[in-house]
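Here's the structure we're looking at; comments come further down.
Values quoted throughout were computed directly from the atomic coordinates according to the rules given, and no laboratory measurement underlies them. The structure presented is a predicted model; accordingly, all values stated were derived computationally and were not measured. Every residue, glycine among them, receives a Cβ derived from its backbone with ideal geometry; neighbour counts consider all protein chains shown.
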Amino acid sequence: MKLRSLFKHPSYNWERFGGDLSGGAVAALIALPYGLAMASLMGLPPVLGIFTSILTSPVTSVLGRNPVLIGGTGSVTVPFVAQAVREQGIGGAAKISVVAAVILMVFCVLRLGRHIARVPHSVVTGFSCGIGAMMVISQLDTILGVGGVAASGSALQQLAGILGNLGNAHWAPALAGLCVVTAATASAHWIPRAPAPLLGILAALAVAKVIGFHGTEIGSLGSGMPSFVGFAWSPRDVFTVVPSGFVMAFVVAVNILITSRVVEHFRGRHRRSKVADADAELGAYGIANICSGMFGAPLSVGIPARSLAVVRCGGTTSVSNIFHALLLIAMLRYGNSVISHIPVAALAGVTAWMGLCLLDWSAWRRLQKMNRVDAGAFLGTAVSVVAFNAVIAIAIGCSFYAARALYQRFFTAGERIPDLQVP
């Protein structure tokens with residue numbers, strides 16, 4: 001449904017408009033800690049992590065094929081951008097982002113998105129569960145108030161570090177995070193259309209005020225927008241920036257298409273989309289990321305937590321995506337005095353709750369009814385996301401089907417030969 005004719009469409013009513021607004025609002029609230037943390041981890045000014053969402057979301061919502069797929073700064077691009085920043089500063093981040101964006105558009109023109117999107121459903125579900133577990137683990141150190149846990153490494157390594165520091169845990173931030181998870185779960189169960197994470201944060205703020213909890217807060221974000229980043233190309237970039245940009249583009253392409261399918265799964269749409277939709281989605285993100293890359297902002301990828309928040313709140317159209325970006329602008333410009341006092345532990349609770357939603361408990365209950373290949377691909381993908389990273393996880397999940405295809409090609413065919421012989 002095109003944005004221009006959306007409000008005139010007979011099926012678009014006030015209820016759907018309210019769902020779009022509430023979904024966009026919650027997605028914007030979730031985007032704040034994500035963007036700030038990821039940009040800081042890359043060595044960039046924190047506001048650039050927010051600026052990625054502000055500039056790319058309207059473009060992808062209009063040009064992309066999944067209206068509720070919310071893009072923003074993600075963890076999959078951290079090692080690439082961080083290395084570029086270490087070598088060439090913000091200009092290096094701009095160069096590698098622009099290169100990766102151009103390659104995404106090349107994928108679109110060559111129609112490679114439809115092939116990247118041919119990932120079995122069990123791999124998609126396993127990826128969703130693994131990402132959910134990774135999101136929960138990534139927030140445990142903040143919720144428990146433990147320090148000295150390295151942010152690098154796999155989620156499994158981070159979990160080991162958290163368990164090793166449990167003796168330093170504090171009950172106050174844990175209570176704030178637990179309030180968010182409990183209130184959000186209850187509201188999602190009893191009032192499905194309500195912005196559950198937002199209600200969870202309000203509950204945590206109320207409890208914090210009662211018990212006098214004064215933990216770490218977000219702090220001032222600053223209201224100024226970044227300017228264009230100047231950079232110069234050199235012959236050496238052909239051997240450094242271009243290869244890294246290509247690998248990052250491939251990782252981002254897999255992330256976008258898999259995340260889009262995960263979102264469609266939670267929307268209740270289990271039929272495969274048109275093959276051209278995958279190509280168009282990559283093209284939309286390529287155009288959007290060129291715009292943001294000129295400011296040195298990190299590459300925009302599909303964010304499951306924000307997209308799922310839109311679906312949970314009843315968002316159905318690109319209005320939620322655009323409102324998410326507009327609200328982020330308003331937050332940076334006018335809401336510093338309020339946002340700065342939100343406890344970090346409460347926002348960590350929101351992320352943890354969204355991770356629990358992504359775990360897709362129904363898939364685990366169906367595990368015994370799956371055939372061996374589907375079950376192996378599901379478990380292999382889910383565990384590998386936590387133990388390694390998303391790219392390795394997808395490769396391991398798909399390897400089960402590749403092994404089955406090879407077995408059927410070379411062994412099953414040979415076993416049928418005696419049956420064709422006449423005695």
(request) Could you pull out the longest piece of the chain with no exposed loop trypsin sites (Lys or Arg not before Pro) in it, calling a site exposed if DSSP puts it outside H, G, I, E, B and it has at most 16 other Cβ atoms within 10 Å? (result) 9-110
(request) Provide the per-residue ³J(HN,Hα) series for region 78-91, in order, calculated from phi with Karplus coefficients 6.51, -1.76, 1.60 and θ = phi - 60°, each as a whole number of Hz, with x at glycine and proline positions. (result) 4, x, 5, 5, 4, 5, 5, 5, 4, 8, 9, x, 4, x
(request) Write down, largest first, the equivalent ellipsoid semi-axes of region 65-115 in whole Å, where each equals the square root of 5 times an eigenvalue of the alpha-carbon gyration tensor. (result) 24, 15, 9
(request) Quote the Stokes-Einstein diffusion coefficient, in whole µm² s⁻¹, for region 26-173, based on the Kirkwood radius over alpha carbon pairs, a temperature of 4 °C and a viscosity of 1.567 mPa s. (result) 74
(request) Please find, in a Gaussian network model of the chain (springs between Cα atoms separated by less than 10 Å), the residue of G296, G212, G126 whose mean-square fluctuation is greatest. (result) G212
(request) Based solely on C-alpha atoms, express the radius of gyration and the Dmax of region 31-112 in angstrom. (result) 13.3, 37
(message) Explain nothing, just the number: dipole magnitude of the chain about its Cα centre with +1 on each Lys and Arg Cβ and -1 on each Asp and Glu Cβ, in debye rounded to the nearest 20.
(response) 1040
(request) Would you please report the Å³ per residue occupied by the convex hull of the alpha carbon atoms in region 14-356? (result) 129
(message) Tell me which of S340, V386, V109 sits at the most positive position along the dipole axis of the chain, charges placed on C-beta atoms (Lys, Arg +1; Asp, Glu -1).
(response) V109
